[in-house]
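What follows is calculated from the coordinates using simple rules that are stated; it is not laboratory data. Computed from a predicted structure; not experimentally measured. Cβ atoms come from the backbone with ideal geometry, glycine included; neighbour counts cover every protein chain shown.
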Amino acid sequence: MSRRASIAIERWTPLSRAASIIAAALVATLVLAPLFLDANAIDRLTTLFIYILLGTMWNALAGYGGLVSVGQQAFFGIGAYAAIRLSHAGVAVYPALILGALFAGLFSLLLSTFALRLRGGEFAIGMWVVAELCHLLVNLDGLIQGETGTSLIALDAIAPGHRRDDTYWLALAAMVTLLALVFALLRGRLGGSIQAIRDNEEAAASLGVKVLAAKRIIFIIAGTGCGMAGTLWLASSITFQPQAYFGVQWTAYMIFMALVGGLGTFEGPILGAVLFFAIELFFGASGIWYLVGLGAAALIFALFLPRGIWGTVEDRFGLRLLPLGYTVRIPAAAEPAAGGDRSASRVGSLPRC
Amino acid sequence: MIWVNQIVQGVLLGGYYAVLACGLSLMFGVMRIINLAHGDLAVLAAFLVWLLTERLGIPLAPALILVLAGMAALGVALQRVVLERSLRAGILVPLLSTFGLAIVIENLLFEGFGADTRSLAPAIGSLAYDSWSISDEIYVGRLSVLIFALAVLLLAGLQLLLSRTQLGRALRATAEDPDTAELVGINSRGVYAAAAAIAVVTAAIGGVLFAMRAAFAPYAGPSQLIFAFEAVVIGGLSSLWGTLAGGIVLGVAQSIGAQLDPHGFLIAGHVVFLLVLAIRLALGSAEARGRLRTLLGKSA
């Protein structure tokens, strides 16, 4: 009797408290970074934020929603294209970047009624076809001039120093906002629904989970997030060449980040993005072998470590940095055989894929 | 008359798509896997044939036999090393692993052969450009007609294999239910390996035909995969003759699109594919609603 009373279900552990404080401090430091970092470092960090955003979005789709998309570059490109169009129509450049992302979100909303009814591989390649079609149609726009592309001229008018810092802050704000949104959703009721769907769609539906609604929310967030990544990419590179935005290599990068970091964990894709960023920094110059390595890493992780680095660490050591799941704590007195706090086991945390 | 010509060319193009797609369809039918490296395997075979004929001077026929045998072995290896493990890990993992494999193959091809486009057209001499005239305005390429005939033969052969042979029965049984098939003494591992070998060999044949028809380059795989997949889906997943029909629909759409606009070839193909999917989904849900209504009607 007393034993049952002493079992507690916790979201927050001392570790997750510490990690959350460190994360908040890190974000605060990053906000101030333009004051003490040089231009090159700021550019690099902007790129890293875009990668983290992309990795997290793809992970939300595949790792939580069970939707493997080979066509997320559609939203990446549509967001950038919409920003170009809006800016051309006279919208101020930074609002155009945000509106571009929202346009990509709107596009994903329209697409969701169709795309989400496709299953597994049909969805994967169906999305790819959508991305190819978007690419071809954007090429037809006279403003874009086919593969020649165009540039975000309005941004050129801003002094490079200001532009760099503003884009950096926008990237940071977008990343933190979208990650927080995904985090809040996964922590709430939707999180449970989404994981139930990923594990067994029919069973989830039979328990009253609104499958299509839950998937749609994830799909729209991922569409908006990838669109935002696209407009940020546009802001940092200025030029818009359709090939560079609608290319399937973006999906390869996203798969790498989510899979290597840890599919179905919140922290995983962030780790994956940092790894991808570091690999690109050190090996990007080696060109083709670098791409071969990315593909091989995705293949090897899919086969041998499907939970990725973070998922494996989490499983092995019971680490959980952010308070996303639940922890059942059984005090030593209540369960002497298992021996103290080591007996803590998790319920409601993310199950294996 | 120009439209009749475009339709004829489109139908013939559909034959090529059917060859390319039947392996994808078979693999999906038996293993429920969509192999995202299918197109890259096709291009790999094209490069291997090119290497043997152009670089090593081996005549085309023995080169083809060598490459197809090698690709069959590669199919078995693919099944044993990649697909088997992926299948055990869930329905999403095969997509991830075959996508990783696709990136590895195409970049290795680029590393080995460079960015130049190549063609096997020189290896087949005048067949590459000979044509028959049907009327004053309609000419059909001999190669296109041969490819279409080959597609029909290949599909008929696969159909016979599936319906008449021991292996075919085992394939169909495993496709229905691998566990029950095991219970009646079918070695599903062997069946899967055979299916993968057949799928990769047909992909290789498709790749070689592609290389004879047109120029190919290391990164040509993904677009061929998309065409093959579109043919399979338009024709109805895992039906062989449906794949030919799907290929023809796709080929005709592309051919007509190309006539309408220089950019129309790809756009028309993709649009028709998405339209077919959307219509099928709409009909499917109407059917489901109808069923629901009858259920409700009965209970009331």
Decide, for segment B:2-299, between rounded, prolate and oblate: order the square roots of the alpha carbon gyration tensor eigenvalues as a ≥ b ≥ c, take rounded if a/c falls under 1.5, and otherwise choose prolate if a/b is larger than b/c, else oblate.
-> oblate
Evaluate peptide A:230-237: per residue, the Cβ atoms of other protein chains within 10 Å of its Cβ; return the mean as an integer.
-> 0
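Relative contact order, percent, of chain B when contacts are C-alpha pairs under 8 Å separated by at least 6 residues?
36
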So how much slack lies between B:ALA214 and B:ASP261, counting 0.36 nm per residue of separation and subtracting their Cα-Cα distance, in nm?
-> 14.9 nm
In whole Å, what is the distance between the alpha-carbon centres of segment A:106-140 and segment A:52-83?
-> 11
Using only the Cα atoms, work out Rg/Rh for chain A, with Rh taken as the Kirkwood radius, to two decimals.
-> 1.00
Of A:GLY142, A:GLY272, A:GLY225, which is the most mobile in a GNM of chain A whose springs link Cα atoms less than 10 angstrom apart?
-> A:GLY142
To the nearest whole number, what is the average tally of beta carbon atoms from other chains within 10 Å of the beta carbons of peptide A:286-295?
-> 5
Ranked by Cβ crowding within 10 angstrom, fewest neighbours first, how are B:TRP132, A:TRP58 ordered?
-> B:TRP132, A:TRP58
Simple SL model, points at 7 angstrom along Cα→Cβ for B:GLU137 and B:GLN159; separation in nm is 3.3
Paramagnetic label zone (point 7 Å from Cα along Cα-to-C-beta, A:LEU15; backbone N under 11 Å) in segment A:295-318 = A:313-318
Fewest to most Cβ atoms within 10 Å: A:GLU267, B:GLU182 sort as B:GLU182, A:GLU267
Rounded to a whole number, the mean other protein chain Cβ count within 10 angstrom for residues of A:297-309 is 5
Listed residues A:ALA62, A:ALA302, A:ALA174; largest mean-square fluctuation, Gaussian network over chain A with Cα springs below 10 Å, found at A:ALA302
Expected vector for segment B:36-42, Karplus 3J(HN,Hα) from phi with 6.51, -1.76, 1.60 and θ = phi - 60°, integer Hz, x for Gly and Pro, equals 6, 9, 4, x, 6, 5, 4
From the Cα centre of segment B:104-175 to that of segment B:1-69, the distance in Å is 5
Which of A:LYS210, A:LYS215 comes first, and how do the rest follow, when ranked by fewest Cβ neighbours within 10 Å?
-> A:LYS210, A:LYS215
Using a Gaussian network model of chain A with C-alpha springs under 10 Å, which one of A:LEU185, A:LEU102, A:LEU207 is most mobile by mean-square fluctuation?
-> A:LEU207
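If you add up the charges near B:ILE267, with Lys and Arg at +1 and Asp and Glu at -1, over every other residue whose beta carbon is less than 14 angstrom from its beta carbon, what do you get?
-4
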